[in-house]
């Protein structure tokens, strides 16, 4: 037995549209999935001097823990090839010069530190450090031998990009060109 379709009159159609105007199709909702409740364990909020500034602002660990690589005579990993070549050939303008001949190791170290900080504050880029070759019979002069160590100490390493032995006209094996980083601040105290 099939249901016969009954034709609706215009009045019945109008009435039917009026009655169903706010009706939406029924779609059964999906059954909610029960998820287990996992308690959140939080670590105590302790500021770390390495990971935060004194105001509590977080600092990236790579910045806070970064230590510059040591510089060695003639190595130019921190500068472009053209600048490195000019430095080795003595073609960069020398913005300052210090002669450490005849000084004790302590005097030479203090003088070099003060000179390089002053040169950095004056915006100097390339300076000449005359160490001397040492006395006859010595393989390397004491000041010349200590220069690499001094330039890698925390007081000077942040200022130095590279250094290399000077050309003969500027002192040869008894002198070094030191390339300083660009000073982007008002001055170092």
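The values are calculated or read from the model by the stated rules, or taken from the named source; none is laboratory data. Worth saying up front: this structure is predicted, and the values here are computed from it rather than measured. Note: ideal-geometry Cβ built from the backbone for every residue, glycine included; neighbour counts use all protein chains shown.
Within segment 129-156, the set of residues being at pLDDT 90 or above and surrounded by fewer than 19 Cβ atoms within 10 Å (Cβ to Cβ) comprises 130, 146, 148, 149, 152, 153, 154, 155. For residue 173, the criteria (1) under 30 Å from the mean Cα position of the chain (by Cα); (2) under 20 Å from residue 75 (Cβ atoms) hold in every case but one, which is (1). Considering segment 142-160, the residues that are touching a residue at least 24 places away in the same chain (Cβ under 8 Å), farther than 18 Å from residue 121 by Cβ and in a helix (DSSP H, G or I) include one that is farthest from the chain's Cα centre (by Cα), namely 142.
Among the residues making up segment 167-185, those that are part of a loop (DSSP other than H, G, I, E, B) and over 13 Å from residue 100 (Cβ atoms) are 167, 181, 182, 183, 184, 185.
Name the helices (runs of 4 or more DSSP H) wholly within segment 43-123 that hold at least 3 residues that are modelled with pLDDT of 90 or more and out of contact with any strand residue (DSSP E or B) (no Cβ under 6 Å at 6 or more places or on another chain)? Spell out the reasoning first.
Values: elements: 61-65, 81-89, 105-121.
In segment 43-123, 81-89, 105-121 are the helices (runs of 4 or more DSSP H) which contain 3 or more residues that are modelled with pLDDT of 90 or more and out of contact with any strand residue (DSSP E or B) (no Cβ under 6 Å at 6 or more places or on another chain).
Just checking, how many residues over segment 173-189 are in contact (Cβ under 8 Å) with a residue 24 or more places away in the chain, surrounded by fewer than 16 Cβ atoms within 10 Å (Cβ to Cβ) and out of contact with any strand residue (DSSP E or B) (no Cβ under 7 Å at 6 or more places or on another chain)? Total meeting the criteria: 3.
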